[in-house]
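Visitor: Pasting a structure below so you can have a look.
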Amino acid sequence: MTANANQDNLLLKMTDITKRFPGTIALNKVKLDLRPGEIHVLLGENGAGKSTLMKILAGAYVHDEGDIWIEGKKVELGNPLAAQAAGVAIIYQELTQIPQLSAAENIYVGRELRKGPFIDWPQINKNARELLAQVEADFSEKTETRELSVAQRQMVEIAKALSMNAKIIVMDEPTSSLTPHEVEGLFKIMNRLKDQGKGIIFISHHLEEVKKIGDRATILRDGQYVSTVDVADHSIDEMIEMMVGRSLVTKFPKIHAPVGEELLRVEGLTRYGAVDNVSFNVRAGEVLGLAGLVGAGRTELCRLLFGADEKDEGQIFVQGKPVSIRSPRDTIKNGIGFLTENRKDEGLVLHMSITRNISMPILEQLNRSPFKWLKLIDHKADEKLAQEYYEKLQIRAPSVQKKSGELSGGNQQKVVFAKWIASRSKVLMIDEPTRGIDVGAKVEIYNLINELALQGCAIIMVSSEMPEVIGMADRILVMCQGRITGELHDPKEFSQEAIMKYAVMFSRKAGKLAEETA
């Protein structure tokens with residue numbers, strides 16, 4: 001069965017779905033339908049209501065108004081077990097697995113098969129092996145999940161959905177942490193499920209992927225339904241305009257700031273097995289792009305510069321002076337900030353407010369006690385600072401007291417930016433600045449980068465999205481196997497082909513050497 005099936009033959013129909021939270025209407029009369037054998041894309045900016053709608057479908061939230069039908073029967077999905085029983089499975093962006101358990105154990109956790117009073121492990125392993133074979137997994141059902149890659153862990157989640165006989169499978173940002181090769185593998189699995197008549201709801205901010213894999217798309221904006229369209233009939237720009245309610249003149253609004261003095265120089269920086277003899281510099285007002293394939297050593301380099309990992313060799317200079325960096329505290333004192341790629345685990349304390357997160361790197365400056373050992377935070381100054389950046393960066397939240405974990409991805413990223421801007425960092429390393437962020441919020445992040453560069457900040461931007469590096473960088477360094485293998489100076493010569501030439505340089509050399517010695 002295909003996506004062109006009769007519209008009356010629906011797996012899912014959601015009508016007039018409304019959900020209220022204190023002080024806000026998250027969803028207002030939203031509708032969505034899903035056909036058998038269809039990959040249906042759910043589009044919208046962060047905060048548009050996509051996650052809320054899917055949590056209602058998964059039974060995590062109860063809607064206030066509206067109706068849900070599954071295979072023509074009206075259902076009440078008051079809890080996750082009811083949703084599972086109705087044939088709904090959801091694979092969240094943050095995979096919820098127990099790392100110490102095997103793939104088979106994670107597939108059947110909480111639903112263990114029994115033989116009399118005992119758990120039937122042989123049957124569980126046999127079933128799991130068959131389920132993993134359906135998704136062409138290249139690992140044993142007995143492998144501990146912590147040993148698997150993100151792509152392999154997603155296979156476990158898909159196998160789990162199949163074990164529950166799910167008819168409707170929701171995939172929330174499944175490609176955000178995958179390599180291009182792994183994305184292709186996931187799409188093969190999705191098409192195979194589609195051919196089996198499963199209905200897939202696919203959430204992604206990568207509209208190129210949407211065009212490649214999607215059949216129809218439902219667009220939400222500000223908690224309201226905008227339209228449902230055939231993906232093949234609409235361009236990426238048209239879908240973006242429906243999502244944001246306006247035309248985006250350019251995806252990468254690059255402003256070339258005046259380039260000033262050298263703010264950071266690195267000579268021979270090495271961490272054995274990760275970073276090999278790296279040397280470079282970056283100047284005030286410059287956006288230095290750091291490109292390369294996953295595992296090239298870009299994040300490891302940033303961690304060395306930030307003092308999160310210990311270097312084995314090399315020297316770091318800030319404004320021409322050698323500095324000793326042994327911890328992040330040393331780095332912050334030297335005016336270097338680091339927006340990590342994993343904002344939820346490393347960039348923010350999710351249960352703390354926006355205010356507390358913004359002021360975290362500068363608590364010593366907010367100490368009103370004359371004694372350093374006595375910590376008395378000036379809370380009025382704390383609140384004033386947070387309010388200033390809340391307004392300046394247009395963080396969308398009811399107040400600065402909102403917990404950071406309750407914000408959308410784009411607004412969480414703005415809080416992390418605010419934290420480092422407030423610390424008055426002269427050099428800012430940004431690792432995957434727009435991962436998991438919608439197109440509208442991406443433009444806002446790019447404008448923030450422009451503003452920082454215009455203010456004389458030096459930016460080191462790590463990104464796996466080559467168009468992003470090409471669109472925003474003044475100069476590009478390319479890494480492969482822990483080394484800098486190429487440098488591109490002229491934006492007119494930036495291209496994906498030029499970057500890839502350097503990104504696989506050592507891999508090609510290694511392959512050639514292997515052939516010669518064979």
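The values are calculated or read from the model by the stated rules, or taken from the named source; none is laboratory data. All values reported here derive from a predicted model rather than from experimental measurement. Positions of Cβ are backbone-derived with ideal geometry, glycine not excepted, and every protein chain shown enters the neighbour counts. Surface areas here come from the heavy atoms of the whole protein model, side chains and all, with no ligands, DNA or RNA. Shrake-Rupley method; radii C 1.70, N 1.55, O 1.52, S 1.80 Å.
Visitor: Within the chain, what's the longest run with no GluC sites (Glu not before Pro) in a DSSP loop and at most 13 other beta-carbon atoms within 10 Å? Give the range, please.
Guide: On the way: sites that count: Glu76, Glu94, Glu112, Glu136, Glu261, Glu310, Glu364.
My reading of the result: 365-518 is the longest stretch.
Visitor: Check cross-link reach from Lys333 to the aspartates and glutamates: straight Cα distance under 12 Å, and skip same-chain residues fewer than eight apart.
Guide: Glu364
Visitor: Something else about it: Assigning unit charges at the beta carbon (Lys, Arg +1; Asp, Glu -1) and nothing else, what dipole magnitude in debye, to the nearest 20, does the chain show about its Cα centre? All intermediate terms of the calculation are to be shown ahead of the outcome.
Guide: Details: 66 positive and 70 negative charges, 241 e Å.
The dipole of the chain has a size of about 1160 debye.
Visitor: Label the stretch 239-323 by shape, choosing from rounded, prolate and oblate, from the square roots a ≥ b ≥ c of the eigenvalues of the Cα gyration tensor; if a/c is under 1.5 it is rounded, and otherwise prolate applies when a/b is larger than b/c, oblate when it is not.
Guide: Details: a/c = 3.53, a/b = 1.74, b/c = 2.03.
Oblate, because a/c is 1.5 or more while a/b does not exceed b/c.
Visitor: For the stretch 1-152, what is the accessible area per residue in Å² when the probe is 1.4 Å? Don't skip to the end; give the middle numbers.
Guide: On the way: 7750 Å² over 152 residues.
For the stretch 1-152, the per-residue accessible area is 51 Å².
Visitor: Then there is this: Kindly identify the stretch 376-462 as rounded, prolate or oblate by the Cα gyration tensor criterion: order the square roots of the eigenvalues as a ≥ b ≥ c, call it rounded if a/c is under 1.5, otherwise compare a/b with b/c, prolate if a/b is larger, else oblate.
Guide: On the way: a/c = 1.99, a/b = 1.22, b/c = 1.63.
Since a/c reaches 1.5 but b/c is at least a/b, the shape of the stretch 376-462 is classed as oblate.
Visitor: May I pose another question? Given a 1.4 Å probe and the protein chains all in place, what does the accessible area of Thr299 round to, in Å² to the nearest 10?
Guide: Looks like 30 Å² after rounding.
Visitor: Hey, can you grab everything whose amide H is under 5 Å from the amide H of Asp33? Only 5+ residues off in sequence or another chain; H modelled, so Pro and N-termini drop out.
Guide: Met14
Visitor: Within straight cross-link reach of Lys142, meaning Cα distance under 12 Å, which aspartates and glutamates are found once same-chain residues fewer than 8 apart are removed?
Guide: The reachable aspartates and glutamates, counting only those whose Cα sits under 12 Å from Lys142, are Glu105.
Visitor: Keeping every protein chain present and rolling a 1.4 Å probe, give me the accessible area per residue for the stretch 432-512 in Å².
Guide: Working: 3060 Å² over 81 residues.
Ligands and nucleic acids excluded, the result is 38 Å² per residue.
Visitor: Given a 1.4 Å probe and every protein chain left where it sits, what share in percent of the accessible area of the chain is carbon and sulfur? Please report the intermediate quantities before stating the final value.
Guide: Details: 11860 of 24210 Å².
So the carbon and sulfur contribution to the accessible surface is 49 percent.
Visitor: Under the rule of at least 5 residues apart or a separate chain, name every residue whose amide H is placed under 5 Å from the amide H of Met479.
Guide: Residues meeting the amide H criterion: Ala291, Gly292, Thr485.
Visitor: How many angstrom lie between the Cα centre of the stretch 82-100 and the Cα centre of the stretch 202-222?
Guide: 21 Å
Visitor: Stick to Cα atoms and the Kirkwood definition of Rh, then tell me Rg/Rh for the chain.
Guide: Numbers: Rg = 24.7 Å, Rh = 25.0 Å.
Ratio of gyration radius to Kirkwood radius: 0.99.
Visitor: Moving on. In what sequence, largest accessible area first, do Arg303, Arg35, Arg329 appear using a 1.4 Å probe? Mind showing how you got there, number by number?
Guide: Working: Arg303 70, Arg35 20, Arg329 140 Å².
Most to least solvent-accessible, the answer reads Arg329, Arg303, Arg35.
Visitor: Please list, in chain and number order, the residues 5+ apart from Asn277 or on another chain whose amide H is under 5 Å from its amide H, with Hs placed from the backbone.
Guide: So Asn277 has HN proximity to Thr270, Arg271.
Visitor: Any idea of the accessible area per residue across the stretch 166-292, 1.4 Å probe, to the nearest Å²?
Guide: Details: 5300 Å² over 127 residues.
Per-residue value: 42 Å².
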